[in-house]
Each structure stands twice: as C-alpha cells, then as structure tokens.
Amino acid sequence: MKYFVGIDIGSTAIKITVVNESKELIGSRISGSGSMFYKYAHQTLDELLRDLSLSHNDIAYTVATGYGRKLFKEADESISEITANAIGAVAAAKEFGEIKTIINIGGQDSKAISLDDMGNVVNFAMNDRCAAGTGKFLDACAMNLEIGVEELGEKHFNSTGVPLSINSTCAVFAESEIIGLLGNSHSVEDIVCGVHYSIAKRIVKLVKRVGIKEGIYFDGGPALNGGLVNAIENELGKEIFIPKHPQVTTSFGAAIMGVDSYNYEHSLKEA
Ligand code: ADP
C-alpha cells in the first residue's frame with residue numbers, strides 16, 4: 001500500500017494529513033508553526049509517521065500547501081491553499097452533500113471560496129490585511145479575558161443578554177474596547193458573544209463578495225468554536241456544515257492532490 005502526505009504550513013499551525021491510495025484519511029497531526037516552520041514541519045511529519053507505524057519509504061508523494069509551503073523543499077509539489085482547501089472540503093463534505101461555498105478562518109486571514117457544480121473554484125475573496133475576523137483576533141480576545149480559545153464556544157452559549165456590540169473595526173482598538181467592557185462590569189460570556197457576532201458580520205460581508213450559494217462549509221481552526229459557528233449561522237440566516245476535523249481540511253486536500261499527481265505521473269511513464 002502506498003501513502004500520500006499533505007502538509008499545510010499555516011501562519012499559526014502546521015497540519016499534516018496522510019491518505020491511502022483510495023484517498024481515505026489515515027491520520028493527521030497538528031502543531032504550532034512557531035518561528036521555525038521548516039524544523040517543526042519535519043518534526044510533526046516524523047511524529048505522525050511514527051504514530052501510524054509508517055516510514056518515509058511508505059510515502060509515495062508529498063504535496064505542500066499554505067503560507068509557508070515554499071519552505072518545505074522536499075515536497076514533490078506545492079499548491080495554493082485555495083485549491084487544497086477546495087479539494088479537501090469537497091471530499092470531507094461527501095456525507096453532507098454538495099458544497100458550493102467555503103468559509104475558511106485561519107490564524108491570520110479569512111477567505112470565502114465559491115465552487116461550481118463540479119467542485120472547481122470559480123471565485124474567492126480574502127482578508128489578509130487586518131487581524132479582525134481571524135484566529136489571531138480570537139486568540140487576543142481570549143487572552144484578554146483570561147480564558148483559552150477552546151473555552152470561547154461554551155462562554156458564548158452561556159451569554160444571557162443581547163450580544164454586546166463591538167464597534168471597533170481594528171483588532172487593536174477592539175482589544176481596548178473589550179477591556180473597557182470588562183471594566184464596565186459586562187460578563188465574559190456577553191463579551192465573547194459580542195466578539196463572535198462582530199467576526200460573523202465581517203465574514204458575511206466577505207462571503208457576499210463571492211455570492212452566498214447554499215451548501216456552505218466552514219473550516220480552519222476557528223470552526224472548532226461552536227459559538228462562532230452559531231453567530232455566523234445566525235448572521236447568514238443559513239445552516240453551515242462543519243466537518244469532523246475542520247483544521248485539517250486543507251492538508252487533507254493536499255494529500256488527495258498527491259494521489260492524483262502521482263497516478264498522472266505514473267500513467268505518463270507507462271505510456
Ligand atoms: P492557519 O492555517 O492560518 O495556521 P488554523 O486554521 O490552523 O490557521 O487556525 C488557527 C486558529 O484556530 C488559532 O489562531 C485559534 O484561534 C483557532 N483554534 C485552534 N484550536 C482551537 C480550538 N480548540 N477551539 C477554538 N479555536 C481554536
């Protein structure tokens with residue numbers, strides 16, 4: 001059996017996924033990107049292969065993607081994260097049905113991707129200029145509220161009031177606004193809920209740039225936050241699908257691409 005690796009070197013986290021010849025997900029691993037992407041990517045790959053009892057010789061093809069993809073020189077191929085995200089999302093959403101719109105929130109950017117009936121990318125919009133509406137904003141809010149990002153979802157659902165409005169459009173000013181709200185005795189739960197709705201409003205504007213088509217899929221680390229999912233669904237007025245492992249969709253897509261590229265290269269050799 002041959003195996004295929006997808007490596008997504010994101011601004012915040014490195015995600016690695018292994019698939020088999022049938023494009024089935026065999027295993028994934030996530031680690032922080034830190035400042036030494038290259039070293040951590042290799043370490044994470046070694047750890048994942050060890051967990052799966054595989055060796056480097058079992059890997060037929062490796063595809064790198066994400067912000068730091070060019071740094072992983074050993075990859076057989078590198079592809080854009082938009083392409084990898086779309087391939088991974090279409091495969092991960094099979095149980096859900098057809099998807100037409102992907103929302104991805106990463107550590108330092110957010111994207112909306114529009115797909116055609118065949119799952120091909122027809123349009124995308126990206127915010128990579130401003131931290132508001134990204135994972136970094138959620139990380140900073142959680143830090144100011146002295147909670148972990150993984151606690152944001154629960155706090156959201158324990159909010160009792162009308163979601164507070166966070167008016168600052170800049171992440172730096174929003175942080176000061178949050179500290180001000182805490183000083184005015186607003187609860188952590190109500191502030192978290194307000195933060196989620198402020199991000200959700202930005203995301204809806206981004207999605208409108210590519211057109212909202214039903215079959216909406218949300219991935220990236222912040223999709224693990226059920227409170228944010230709830231706010232985006234309410235702002236969109238539509239149900240959105242969250243895959244089982246939202247943070248590894250893009251590396252899954254890169255690994256799937258590896259199977260196709262490997263088969264194509266081998267068909268050319270045999271011809
Ligand atoms: P990138 O690909 O840009 O590195 P990711 O898709 O890996 O970004 O997302 C990273 C972000 O995901 C973090 O900044 C954090 O806000 C969020 N995140 C990670 N784990 C969790 C979790 N368990 N719950 C909620 N949010 C999370």
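Report yes if residue 230 is open to solvent by 40 Å² or more (accessible area, probe 1.4 Å), within 14 Å of the ligand (Cβ to nearest atom) and under 24 Å from residue 114 (Cβ atoms), otherwise no. Show your work before the answer.
Numbers: open to solvent by 40 Å² or more (accessible area, probe 1.4 Å): yes; within 14 Å of the ligand (Cβ to nearest atom): yes; under 24 Å from residue 114 (Cβ atoms): yes.
Yes.
Evaluate the following for residue 262: is it of a type in the set (Ser, Thr, Tyr), open to solvent by less than 50 Å² (accessible area, probe 1.4 Å) and assigned to a helix (DSSP H, G or I)? Lay out the reasoning, then the answer.
Numbers: of a type in the set (Ser, Thr, Tyr): yes; open to solvent by less than 50 Å² (accessible area, probe 1.4 Å): yes; assigned to a helix (DSSP H, G or I): yes.
Yes; evaluated as a whole, the condition is true for this residue.
Go through (1) of a type in the set (A, V, I, L, M, F, W, C); (2) open to solvent by 30 Å² or more (accessible area, probe 1.4 Å); (3) more than 14 Å from the ligand (Cβ to nearest atom); (4) under 30 Å from residue 202 (Cα atoms) one by one and return the number of the condition residue 93 breaks.
(2)
Let's see how each residue does on (1) closer than 18 Å to residue 77 by Cα; (2) at pLDDT below 95; (3) assigned to a helix (DSSP H, G or I); (4) open to solvent by less than 10 Å² (accessible area, probe 1.4 Å):
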{"residue": "218", "(1), (2), (3), (4)": "no, no, no, yes"}
{"residue": "222", "(1), (2), (3), (4)": "no, no, yes, no"}
{"residue": "244", "(1), (2), (3), (4)": "no, yes, no, no"}
{"residue": "254", "(1), (2), (3), (4)": "yes, no, yes, yes"}
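Does residue 67 count as surrounded by 15 or more Cβ atoms within 10 Å (Cβ to Cβ), assigned to a helix (DSSP H, G or I) and at pLDDT below 95? Spell out how you get there, then give the answer.
Details: surrounded by 15 or more Cβ atoms within 10 Å (Cβ to Cβ): yes; assigned to a helix (DSSP H, G or I): no; at pLDDT below 95: yes.
Against the criterion (surrounded by 15 or more Cβ atoms within 10 Å (Cβ to Cβ), assigned to a helix (DSSP H, G or I) and at pLDDT below 95), residue 67 does not qualify.
Output the number of the condition that residue 83 fails; it satisfies all remaining conditions of (1) open to solvent by less than 50 Å² (accessible area, probe 1.4 Å); (2) among the polar types (S, T, N, Q); (3) within 16 Å of the ligand (Cβ to nearest atom).
Of (1) open to solvent by less than 50 Å² (accessible area, probe 1.4 Å); (2) among the polar types (S, T, N, Q); (3) within 16 Å of the ligand (Cβ to nearest atom), only one is false for residue 83: (1).
What are the residues in the range 192-248 that are free of Cβ contacts under 8 Å to residues at least 40 places away in the same chain and among the aromatic types (Phe, Trp, Tyr), if any?
197
Being surrounded by 21 or more Cβ atoms within 10 Å (Cβ to Cβ) and either modelled with pLDDT of 95 or more or under 18 Å from residue 221 (Cβ atoms) (or both) narrows it down to one residue among 46, 8; which is it?
Values: 46 fails: surrounded by 21 or more Cβ atoms within 10 Å (Cβ to Cβ).
Result of the check over 46, 8: 8.
For residue 133, state whether it is at pLDDT below 95, of a type in the set (Gly, Ala, Ser) and within 30 Å of residue 173 (Cα to Cα). First the steps, then the outcome.
Values: at pLDDT below 95: yes; of a type in the set (Gly, Ala, Ser): yes; within 30 Å of residue 173 (Cα to Cα): yes.
Yes, satisfied.
Say we look at the range 233-271 and pick out the residues that are more than 16 Å from the ligand (Cβ to nearest atom) and of a type in the set (Phe, Trp, Tyr); which of these is nearest to the chain's Cα centre (by Cα)?
Across the range 233-271, the extreme among qualifying residues is 241.
What number of residues within the range 1-59 satisfy the criterion of being more than 15 Å from residue 252 (Cβ to Cβ), within 12 Å of the ligand (Cβ to nearest atom) and outside any helix (DSSP H, G or I)?
Number satisfying all stated conditions: 6.
So how many residues does the range 139-166 have that are touching an Asp or Glu at 6+ places or on another chain (Cβ under 7 Å), closer than 25 Å to residue 129 by Cβ and open to solvent by 40 Å² or more (accessible area, probe 1.4 Å)?
Residues that pass the stated criteria total 1.
I need the full set of residues from the range 70-85 which are of a type outside the set (S, T, N, Q) and assigned to a helix (DSSP H, G or I), in order please.
To start, the set of residues in the range 70-85 that are of a type outside the set (S, T, N, Q) comprises 70-77, 79, 81-82, 84.
Residues satisfying the conditions are 70, 71, 81, 82, 84.
So which residues in the range 182-192 are under 28 Å from residue 127 (Cα atoms), among the hydrophobic types (A, V, I, L, M, F, W, C) and open to solvent by 10 Å² or more (accessible area, probe 1.4 Å)?
Once the filter is applied, which keeps residues that are under 28 Å from residue 127 (Cα atoms), among the hydrophobic types (A, V, I, L, M, F, W, C) and open to solvent by 10 Å² or more (accessible area, probe 1.4 Å), the range 182-192 yields only 188.
The values are calculated or read from the model by the stated rules, or taken from the named source; none is laboratory data. Keep in mind it's a predicted model, so treat the numbers as computed, not measured. So basically every Cβ, Gly included, is an ideal-geometry build from the backbone, and we count neighbours across all protein chains shown. To get the accessible areas, we keep the full protein, side chains included, count just its heavy atoms, and leave off ligands, DNA and RNA. Shrake-Rupley method; radii C 1.70, N 1.55, O 1.52, S 1.80 Å.
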